[in-house]
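Asker: Got a structure here, written out as structure tokens. Questions coming.
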Amino acid sequence: MKKRKAHRGNRATRRAPARRNQSKAAALPEQRPRIGLEATVERIVEHRYTIQAVDPSLPPVFSTPAMIGLMEHATVLAVLPELPPGTITVGTRIEVDHLKAVPPGATVHAFARFVKYEGRFLVFDVEARSGEHVIGRGRVFRAIVDSGKHGEKAQSRLK
């Protein structure tokens, strides 16, 4: 059994432990975003972002998918300036609680903070607020991928 060299460096540049699928581990970029990056995005709730837009029998309140989409947008913006050239992040997992309803016309702010790496995944704490109310919170997980290869892989699935 080979001994592995200890990797020295700050937390943001450490690699994940070896995994069975070495090709995925090898795909990790050397240049990685710093932990602590943040972003906030804002949206005024329009009818198209309500659950009533999907089903007219439901109340006109901000939908969970719209809230999660706003949170994910904040995660993308948080790390975008520090991504290696030719890469993007893609969502891989969402753990979010939708806590309060807000009506059309309300302003929602979604905040994301990059908190850690879990293997090849970036983990973000996210929160959505409307005024003084926390309307949602949780975690979003993303992975850094090569933009071109990601699109090619998706297209190959049509065949």
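Asker: Rule-of-thumb check for the range 81-159: C-alpha Rg over 2.2 N^0.38 Å?
Answerer: Numbers: Rg = 16.1 Å, N = 79, 2.2 N^0.38 = 11.6 Å.
Rounded to two decimals, the normalised Rg is 1.39.
Asker: For the residue pair His150 and Glu118, what label-to-label distance in nm results when each label sits 7 Å from Cα along the Cα-to-beta-carbon direction?
Answerer: 1.9 nm
Asker: How large is ³J(HN,Hα) for each residue in the range 120-131, as worked out from phi by the Karplus curve 6.51 cos²θ - 1.76 cosθ + 1.60 (θ = phi - 60°), to whole Hz, x for Gly and Pro?
Answerer: Per residue, the Karplus-derived 3J(HN,Hα) values read 8, 9, 9, 10, 10, 8, 10, 8, 10, 10, 10, x Hz.
Asker: Distance from a point 7 Å along Cα→Cβ of Thr107 to each backbone N in the range 43-73: keep the residues under 13 Å and list them by number.
Answerer: 43-45
Asker: Let me ask you something else. Given Cα pairs under 8 Å that are at least 6 residues apart, what percent is the relative contact order of the range 33-159?
Answerer: The value is 29 percent.
Asker: If R₀ is 22 angstrom, what is the calculated FRET efficiency for the pair Arg157 and Arg93, using the beta carbon separation as r and rounding to 0.05?
Answerer: So, using R0 = 22 Å, E works out to roughly 0.60.
Asker: Using amide H atoms built in the peptide plane, which far-off residues or other-chain residues are under 5 Å from Leu37 H to H?
Answerer: Counting only residues 5 or more places away or on other chains, the set is Phe114.
Asker: State, in angstrom, two size descriptors of the range 29-156 derived from its alpha carbons: Rg to one decimal place and Dmax to the nearest whole number.
Answerer: My reading of the Cα-based Rg and Dmax gives 15.9, 51 Å.
Coordinate-derived values only; no laboratory data. Just so you know, these numbers come straight off a predicted model, no measurement behind them. Note: ideal-geometry Cβ built from the backbone for every residue, glycine included; neighbour counts use all protein chains shown.
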